[in-house]
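Quick note: the coordinates plus some simple rules give every number you see, no bench work behind them. Given the structure is predicted, the values throughout are model-derived calculations rather than measurements. Heads up, the Cβs are rebuilt from the backbone with ideal geometry, glycines too, and the neighbour counts pull from every protein chain shown.
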Amino acid sequence: MQANRRSFVTKGALAGAAATTLAAPAIVKAQSTITWKMTSAYVKGSPFYMDGPGSATDLARRIEAMSNGRLRIQVFGAGELVPAFEGFDAVRAGTVEMNHANSYFWTGKTFAAQYFTAVPFGMNFQGMNGWLYDGGGLDLWNEVYAPFGMIAFPCGNTGVQMSGWFKKEINSVSDLKGLKMRIPGLAGKVYSNLGVDVKVLPGGEIFPALERGVIDAAEFVGPFQDRRLGLHKAAKFYYTTGWHESATVSELLINRAAWQKLPRDLQAIVENAAAACNVISEAWCQKANSDAMDDLVKNHKVIAKPLPDGVVKALRAETEKVLAEAISKDALTRKVHDSYFAFKSKYDRWSEISEEAYHVTVRG
């Protein structure tokens, strides 16, 4: 009996040692650290984009915390590794694994990218998320980027933006002709067709350009971030219509080859951290913008009002022309366009009896 007991103990010890030996590599592998680089179109310290809830820095912190340090993201502001608008090429080349920006900066690469940031007279935050997450939008986003070897996730949203700051009052479409204005994306094309001299400037260059008269008008984001740039000190007419960006999505752009090397649990962590930032950033904007708008109007004598109906009508008509021209030239853009506006049509009907009905009949 004693010999059998010694045999059992010995075999058990050997089995335990073998199990430990087999498990050890798995434990080492699970604890190894992967370090990625993420560039941005925005400079370090920029609220919403680089600093604060839902920002690129916040996204990196969440990924590291959720992965228990297994995936660490080094965040670089615009100009630190690459210029502001060269993140697309850096990710495509594999120079960095990620870029945090807005997809409409890449319309020169593929026009369809515009739809994943914002479309003039498009959907609000709720509608945009409905299309991206449950209406096929995210799949189309990745289809658009497939030829470039990249994938993307929404990772932030400003909600409705403002039309921008103007040194002079806008009373009619004729007041736009010859105006020098900072405005990116599809809205820039629309304004250009109406006679505006469109400029695309990084955020940090907007105020000095507006103050010195290099430009006559500028669009950036919303009250909080616009006030931080000091735009109210260079122009007093603040048009609030927000026709061009009703829900502006931040883009997390990822090199596909790097993505495919990540373990599936880390992929899930990145995807869910991005989704969290998408919601959290928009919530932050609601609070920050409501406080900032009160301050701008009450304490800085800013004249805040919607664009005249005639101007909005002209902008809408020109938007339809620009989109029609774009989809006539490219089958993939048409595919994205048709999906976006088919979803918008259904969402608008639902919103009319839900959100809009609440605002009109309940809130008063």
Among the numbered criteria (1) surrounded by fewer than 18 Cβ atoms within 10 Å (Cβ to Cβ); (2) touching a Ser or Thr at 6+ places or on another chain (Cβ under 9 Å), which one does ASN272 miss?
(2)
On the basis of being more than 20 Å from TYR115 (Cβ to Cβ), free of Cβ contacts under 8 Å to residues at least 60 places away in the same chain and among the basic types (Lys, Arg), does LYS236 make the cut?
no
Within the range 250-283, the residues that are of a type in the set (A, V, I, L, M, F, W, C) and under 30 Å from VAL160 (Cβ atoms) are LEU252, LEU253, ILE254, VAL270, ALA273, ALA274, ALA275, ALA276, CYS277, VAL279, ILE280, ALA283
Hits in the range 342-354 (condition: within 20 Å of LEU132 (Cβ to Cβ) and either buried (at least 16 other Cβ atoms within 10 Å of the Cβ) or of a type in the set (Val, Ile, Thr) (or both)):
PHE343, LYS344, TYR347, SER351
Go through the residues of the range 110-129 one by one and say whether even a single one is part of a strand (DSSP E or B) and over 21 Å from VAL198 (Cβ atoms).
no
Restricting attention to the range 285-314, and to residues there that are more than 26 Å from TYR49 (Cα to Cα) and small (Gly, Ala, Ser), which single residue is farthest from the chain's Cα centre (by Cα)?
GLY310
Filter the range 198-210 down to the residues that are in a helix (DSSP H, G or I), touching a residue at least 60 places away in the same chain (Cβ under 8 Å) and surrounded by fewer than 19 Cβ atoms within 10 Å (Cβ to Cβ) and list them by number.
GLY204
Which of the residues spanning the range 200-228 are among the aromatic types (Phe, Trp, Tyr) and more than 16 Å from THR248 (Cα to Cα)?
PHE207
Residues of the range 112-122 classified as buried (at least 24 other Cβ atoms within 10 Å of the Cβ) and more than 10 Å from VAL249 (Cβ to Cβ), total
4
Can you tell me which residues in the range 183-214 are within 19 Å of THR319 (Cβ to Cβ) and within 19 Å of the chain's Cα centre (by Cα)?
ILE183, PRO184, GLY185, LEU186, ALA187, GLY188, VAL200
So, in the range 77-109, of the ones that are assigned to a helix (DSSP H, G or I) and hydrophobic (A, V, I, L, M, F, W, C), which residue ends up nearest to the chain's Cα centre (by Cα)?
PHE105
Kindly provide the set of residues from the range 136-155 that are without any contact (Cβ under 8 Å) to a residue 40 or more places away in the chain and buried (at least 21 other Cβ atoms within 10 Å of the Cβ), ordered by number.
TRP141
Which is in contact with a strand residue (DSSP E or B) (Cβ under 8 Å, 6 or more places away or on another chain) and either among the acidic types (Asp, Glu) or over 17 Å from ALA118 (Cα atoms) (or both), of GLU271, GLU245, GLU320, GLU325?
GLU271
So CYS277 passes all but one of these: (1) surrounded by fewer than 20 Cβ atoms within 10 Å (Cβ to Cβ); (2) of a type outside the set (Lys, Arg); (3) touching a residue at least 12 places away in the same chain (Cβ under 8 Å). Which condition number does it fail?
(1)
